[in-house]
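Read the structure below first, then the notes.
The values are calculated or read from the model by the stated rules, or taken from the named source; none is laboratory data. This structure is a prediction, so every number in the text was calculated from the model and none was measured. Backbone-built Cβ (ideal geometry, glycine too); neighbour counts: all protein chains shown. The area values use the complete protein model at the heavy-atom level, side chains included, leaving out ligands, DNA and RNA. Shrake-Rupley method; radii C 1.70, N 1.55, O 1.52, S 1.80 Å.
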Amino acid sequence: GNYVIFSRMTDWNPAEIIGTRPNALAINLYNYLITDQIWAEQRAEFGYRDIRSTPLIYNFCAQPYVDCRASINSFIPSGLSEDCSRSLVEAYLDILSEKPHLHDKLELDVVFTIWVPTFNQDAKSRFKGRNISSTQISQLEERLKKITAKALIRLDEDISSIVTLSESFNKLINSETKPIDKIYHLIEDCRKYGTLAFAHAARAGFVAVTLLKSLVKSGNLSEDRMLEFQGSVPTVASDFQFALSSGEFDTERLIKKFGHLRPGTYDVNQPAYWEKPDFYFTSNKEINNKKKSNKIKFIFNQNELNGFKKILHELDVDIEPIDFIKYLEKAIQAREETKFKFTRNLSSALDHIIQFGNKELGLSREDVGYLIFDDILGLRSGALNKKMVKDYVRLRKLDFSEKHLAKLPSIICSENDFFSYEQEKSEANFITRLNVIADLSFLKLNKRDNIKDKIVVIPNADPGFDWIFSHNVAGLITQYGGANSHMAIRCAELGIPAAIGIGDKIYENLHNGRLMLDCKKGIFEYV
């Protein structure tokens with residue numbers, strides 16, 4: 001590519017997962033566990049170009065941005081000629097540059113990452129007037145078919161290491177290992193056995209949902225039926241809602257299974273569920289009605305099965321529609337299950353870092369947020385002493401506090417954007433086809449506001465925010481997040497109308513009042 005574009009919400013979406021102004025520890029762990037290498041390792045193993053020497057995220061004024069050029073390169077299928085690869089990257093970059101509002105929809109509307117039945121016409125339309133020949137489109141289709149076909153049979157192997165992670169976690173937590181060694185091994189195991197498996201599961205989930213959406217586009221599946229199928233697949237999230245509503249789990253059992261979850265998965269300042277069980281484990285029997293569909297097996301009709309057969313025939317893969325359905329179910333489940341398990345390691349590591357920072361270094365919980373994993377490595381090996389680390393923490397805190405005062409745009413296309421920019425209007429991702437009218441509730445962390453029957457408004461939300469769904473909310477609006485983000489998937493599963501990733505400009509104009517959220521029409525407005 002000839003130039004670079006940076007975005008807060010592309011690919012691994014740091015704005016959603018760690019926020020736009022995270023502390024040093026959150027940035028450091030997110031980079032170490034995923035965006036320095038693991039992200040590219042997964043892509044290379046899956047059949048895309050190997051760019052493992054390239055980091056995905058850069059920090060400007062201590063604010064994380066995805067290198068869109070690196071992301072685009074990582075989705076070029078391996079085996080394509082250098083000329084074809086270069087032409088594709090340049091075309092994708094030009095599309096994004098001309099339509100910056102698509103920066104949170106890179107894999108849906110900019111880059112072709114898997115094959116779907118409408119690929120040929122989609123590609124001709126998207127590449128019209130660009131330097132991409134029909135021969136190059138054919139070459140891309142051939143390689144994407146191979147990647148997609150293999151995706152349908154590789155999931156079990158790709159996520160097998162998650163079992164090792166769970167076994168190692170149980171041994172480590174119950175051992176007499178020194179606190180600093182526990183921190184080290186929890187993080188290393190998470191990176192080695194957890195986040196790579198999660199990256200593979202997340203990719204499988206994307207493949208599954210994209211293929212389902214392609215069937216909607218071809219007329220073999222209605223959108224309502226697709227949402228009904230997604231909602232019928234039991235996941236960790238539905239297990240959590242059932243545990244809260246059924247009355248079969250006491251607080252001790254809830255803590256044992258779900259206590260490691262925390263809003264802001266990488267943020268030491270956010271209490272884990274085990275720290276505030278009365279706040280997070282609020283029982284609401286009404287929510288159980290939304291998951292009754294899990295008890296009824298979803299059955300695809302003949303027209304839908306015919307759509308599956310067409311896909312399998314085109315991909316020339318030797319599996320039956322029943323196996324394809326099993327893949328769809330497992331891919332949706334695996335994404336949430338692997339995320340649940342790797343975050344247990346991460347959350348436990350954060351708990352131990354908080355205790356270590358307080359007892360060994362005399363740091364407050366807030367100051368612990370300015371430790372980084374290299375500090376732990378240095379203390380563990382003897383390369384650093386406690387005074388040096390405390391000085392580093394003090395300097396980082398000052399540095400971040402100053403840099404976080406800078407206001408930057410969601411997408412950076414040129415150096416000039418660092419000095420002045422016009423706030424872009426984003427295109428929200430509307431989830432479900434439902435319509436709801438309700439009062440807005442701007443969620444304040446750790447405050448028990450009444451959010452029942454309200455449309456909850458929040459900047460960003462990762463898996464640790466699943467507790468809000470136990471309050472029978474009417475809808476959800478987020479500032480950051482994409483069509484394939486955690487909250488988008490969660491709202492689709494639970495049948496909750498949502499506008500995900502509405503962007504800075506619209507978000508900052510929201511205020512208290514009664515709102516109509518119409519996901520079918522793709523609008524929301526005050527009434």
| said: Name the single residue that is modelled with the lowest pLDDT among those in the range 286-316 being open to solvent by 90 Å² or more (accessible area, probe 1.4 Å) and within 28 Å of the chain's Cα centre (by Cα). | reply: Lys292
| Search result, residues across the range 368-387 that are exposed (fewer than 15 other Cβ atoms within 10 Å of the Cβ), among the small types (Gly, Ala, Ser) and not in a helix (DSSP H, G or I) | Gly382, Ala383
| field | Which numbered condition Ser222 fails, given (1) in contact (Cβ under 8 Å) with a residue 12 or more places away in the chain; (2) farther than 30 Å from Tyr30 by Cα | value | (1)
| request: Determine which single condition Ser71 fails, assuming it passes every other condition in (1) part of a helix (DSSP H, G or I); (2) in contact with a Gly (Cβ under 6 Å, 6 or more places away or on another chain). | output: (2)
| Inside the range 111-147, can you point out the residues that are in a helix (DSSP H, G or I), of a type in the set (Lys, Arg) and exposed (fewer than 15 other Cβ atoms within 10 Å of the Cβ)? | Lys124
| Looking at Ile468, Ile500, Ile489, which is the one that is of a type in the set (A, V, I, L, M), within 30 Å of Pro277 (Cβ to Cβ), open to solvent by less than 10 Å² (accessible area, probe 1.4 Å) and out of contact with any Cys (no Cβ under 8 Å at 6 or more places or on another chain)? | Ile468
| query | Restricted to the range 1-57, and to residues that are of a type in the set (S, T, N, Q) and touching a Cys at 6+ places or on another chain (Cβ under 7 Å), which residue is surrounded by the fewest Cβ atoms within 10 Å (Cβ to Cβ)? | reply | Ser7
| field | Unique match (being among the β-branched types (Val, Ile, Thr) and either more than 22 Å from the chain's Cα centre (by Cα) or in a loop (DSSP other than H, G, I, E, B) (or both)) among Val456, Val473 | value | Val473
| request: Filter the range 104-156 for residues that are out of contact with any helix residue (DSSP H, G or I) (no Cβ under 9 Å at 6 or more places or on another chain) and more than 27 Å from His200 (Cβ to Cβ) and give the result. | output: Gln121, Ser125, Lys128, Gly129
| request: Output the residues belonging to the range 413-436 that are without any contact (Cβ under 8 Å) to a residue 60 or more places away in the chain, part of a loop (DSSP other than H, G, I, E, B) and either open to solvent by 90 Å² or more (accessible area, probe 1.4 Å) or under 19 Å from Glu16 (Cα atoms) (or both). | output: Phe419, Glu422
| field | Cβ-Cβ under 6 Å pairs, at least 6 apart or on other chains, the range 56-78 side on the phi > 0 side of the Ramachandran plot, far side in a helix (DSSP H, G or I) | value | Cys61/Lys403; Ala62/Phe400; Ala62/Lys403
| message | Just checking, does the range 502-513 include any residue being part of a strand (DSSP E or B) and at pLDDT 90 or above? | response | no
| said: Out of everything in the range 161-205 that is outside any helix (DSSP H, G or I) and open to solvent by 50 Å² or more (accessible area, probe 1.4 Å), what residue ends up being farthest from Glu41 (Cα to Cα)? | reply: Glu176
| Selection from the range 226-265 of residues that are among the polar types (S, T, N, Q), open to solvent by less than 20 Å² (accessible area, probe 1.4 Å) and modelled with pLDDT of 85 or more | Ser232, Thr235, Thr265
| Looking at Ser138, is it free of Cβ contacts under 8 Å to residues at least 12 places away in the same chain and hydroxyl-bearing (Ser, Thr, Tyr)? | yes
| said: Against the definition (open to solvent by less than 40 Å² (accessible area, probe 1.4 Å), part of a helix (DSSP H, G or I) and closer than 30 Å to Thr195 by Cα), how does Arg154 come out, yes or no? | reply: yes
| task | Would you mind stating whether Lys390 is among the basic types (Lys, Arg), surrounded by 13 or more Cβ atoms within 10 Å (Cβ to Cβ), free of Cβ contacts under 8 Å to residues at least 40 places away in the same chain and not in a strand (DSSP E or B)? | result | yes
| task | Pull up the range 503-521, narrow it to residues that are of a type outside the set (Lys, Arg) and more than 24 Å from Pro409 (Cα to Cα), then point me to the one that is surrounded by the fewest Cβ atoms within 10 Å (Cβ to Cβ). | result | Gly513
| said: Testing Ser410 on (1) surrounded by fewer than 17 Cβ atoms within 10 Å (Cβ to Cβ); (2) at pLDDT below 95, one condition comes back false. Which one is that? | reply: (1)
| request: Have a look at Thr113, Thr164 and point out the one that is within 30 Å of Tyr3 (Cβ to Cβ) and either among the charged types (D, E, K, R) or at pLDDT 95 or above (or both). | output: Thr113
| Single unsatisfied condition, Leu108 versus (1) surrounded by fewer than 21 Cβ atoms within 10 Å (Cβ to Cβ); (2) in contact with a Gly (Cβ under 6 Å, 6 or more places away or on another chain); (3) modelled with pLDDT under 95 | (2)
